[in-house]
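Encoded as structure tokens, the structure appears first; notes follow it.
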Amino acid sequence: METKLLDVTTENIELAAALIADGKLVAFPTETVYGLGADAMNGRAVGKVYAAKGRPSDNPMIVHIAEKEELARLTPVVTPIMEALMETFWPGPLTMVVRKMPGIPDATTGGLDTVGVRMPSDEIARKLIRKSGCPIAAPSANISGRPSPTKPEHVVEDLQGRIDAILMGHDCQVGIESTVVDVTDDIPTILRPGIITQKDLEKAVEKLGKKVEMDPALFVNRPRDVSDKDFKPKAPGMKYKHYAPKAEMLIISGEISKVKAEIEKLKAENEAKGKNVGVILFGDHQFKEAAHDFFAKLRDFDVQAVDMILAGALDSNDGVGFAVMNRMLKSAGYSILNV
Ligand code: TXA
Ligand code: MG
């Protein structure tokens, strides 16, 4: 299939919207990562997204809308918790898992009776949704298991020849995927951490007398696979192998000066063996920068044919640090060295 690479112009956004409305697949920028979009109400179109990404079909998609009012068309009841969260964080990098309306195809929700909904802040994304006239189902626009794409060239690398078009926009500002919060129960629960943290969410629902919990599966830091019966995260996507760079990867955790010394030592040892070693070490408290750069660094190392990646752990007591560590641990297959 020939993939159209489209510069972002008004005409091209209209062309991309027409392709989506016609059941085709278009990748587009959002503030978090690039998405691979299809008409969320067209099960056949959504089915093609799974095929293009090589994605397991039980993994539900996030449905993207352009206006807050559209939420009421996707879920039977908009609760006060949902109101408070959408007033505070939409448009922006927050996905709410809500009960779904019957008309939403099973392909979109992986057969669940809930649906993840997000209103992105990115203007190109919102124009595309508005012009296509339908909500857009969009997972991250990478081959399943690869790092999420934060630049248009990442999407080209993974999906050229597999989808109909790519809107070649800007680099993504946030760099990690949206926070996913389940609001189907009385207590909102974070299923995937992101730049909007537990503290941020609690502040927004505090006036309703609510706390926010974390899915306990987020604290299980060991390799796992689909057959691991003890491990049942509520977001199906959290159980798959993710973000894997081509190189072997090790995280070094501990006091910063010791971490730096250990990285220098391991780097020298491995270079002496002829290995090409890449280092990821973010500045102290530079959590947002880390989120912004992490996936792009993994992809850069792939291009540079790095054999081994040594990464300094981030402080997981910070909410954004925790979110980046969630991705870093998965990329490294949970290999961590404490110094
Ligand atoms: O920032 C983002 O969320 C990006 C951009 C494109 O918007 N999208 C994204 O989609 O990261 P994806 O498909 O790569 O990740 C969606 C995550 C998966 O872990 C999935 O299992 C979970 O959200 N999810 C979606 N719908 C769900 C539902 N109904 N119940 C539980 N988890 C759900
Ligand atoms: Mg993804």
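Under 20 Å from a label point set 7 Å out along the Cα-to-Cβ vector of GLU67, the amide N atoms of region 19-44 belong to 21, 39-41. Residue exposure proxy: LEU6, LEU25, ordered by other Cβ atoms within 10 angstrom of their Cβ from fewest to most, comes out as LEU6, LEU25. Distance between Cα centroids, region 51-111 to region 133-178: provide it in whole Å. Here the answer is 19 Å between Cα centres. Placing a label point 7 Å from the Cα of ILE187 along the Cα-to-Cβ direction, the residues of region 76-110 whose backbone N falls under 18 Å of that point are 81-82, 97. Roughly what % of Cα-Cα distances in region 1-155 sit above 21 Å, to the whole percent? Roughly 40 percent, rounded to a whole number. Count Lys and Arg as plus one, Asp and Glu as minus one, and take only other residues whose Cβ is under 12 Å from that of ASP293; the net charge is then +2.
Set Lys and Arg Cβ to +1 and Asp and Glu Cβ to -1, take the dipole of region 4-219 about its Cα centre, and tell me which of GLY116, PRO152, TYR50 lies farthest positive. Sorting the options by dipole projection puts first TYR50. Output the relative contact order of the chain, whole-number percent, from Cα pairs under 8 angstrom with separation of 6+ residues. Computed value for the chain: 20 percent relative contact order. Here r is the Cβ-Cβ distance between GLU153 and GLU123 and R0 is 22 Å; the resulting FRET efficiency, rounded to 0.05, is 0.60. Start at zero, step by 20 Å, and the Cα-Cα distances of the chain spread as 32, 58, 11, 0 percent across the bins.
Any idea what % of Cα-Cα pairs in region 248-338 are farther than 24 Å?
On the way: 526 of 4095 pairs.
Counting every Cα pair in region 248-338, those more than 24 Å apart make up 13 percent.
About its Cα centre, region 1-117 has a charge dipole of approximately 440 debye under the convention of +1 per Lys or Arg Cβ and -1 per Asp or Glu Cβ, with nothing else charged. Among GLY47, GLY274, GLY133, the largest mean-square fluctuation in a Gaussian network model of the chain (Cα springs under 10 Å) belongs to GLY274. Taking SER140, SER132, SER148 in turn, the Gaussian network model of the chain (Cα-Cα springs below 10 Å) assigns the largest fluctuation to SER132.
GNM, the chain, Cα, under 10 Å: largest mean-square fluctuation among ALA38, ALA141, ALA313? In the Gaussian network model the winner is ALA313. Proximity of backbone amide H atoms, modeled 1.01 Å from N, is registered between SER121 and GLU31, GLY92 at under 5 Å, excluding neighbours fewer than 5 places apart on the same chain.
Simple point charges give the picture: +1 on the Cβ of Lys and Arg, -1 on the Cβ of Asp and Glu, and for region 256-323 a dipole about the Cα centre of about 160 debye.
Placing pseudo-labels 7 Å out from each Cα toward the beta carbon at LYS203 and ARG130 gives an inter-label distance of 2.9 nm.
The order of VAL205, VAL156, VAL220, going from fewest to most other C-beta atoms within 10 Å of their C-beta, is VAL220, VAL156, VAL205. The helix-based estimate of mean residue ellipticity at 222 nm for the chain, built from -39,500 (n - 2.57) per DSSP H run of four or more residues and divided by its residue count, is -10000 deg cm²/dmol to the nearest 500. For the chain, the longest principal axis of the C-alpha atoms and the axis of helix 80-89 are separated by about 60°. A Cβ-based charge dipole, computed about the Cα centre of the chain with Lys and Arg at +1 and Asp and Glu at -1, lands at about 640 debye.
A short reminder: the numbers here are calculations on the coordinates, not readings from a lab. In this text the structure is predicted, and so the values were computed from the model without any measurement. Note: ideal-geometry Cβ built from the backbone for every residue, glycine included; neighbour counts use all protein chains shown.
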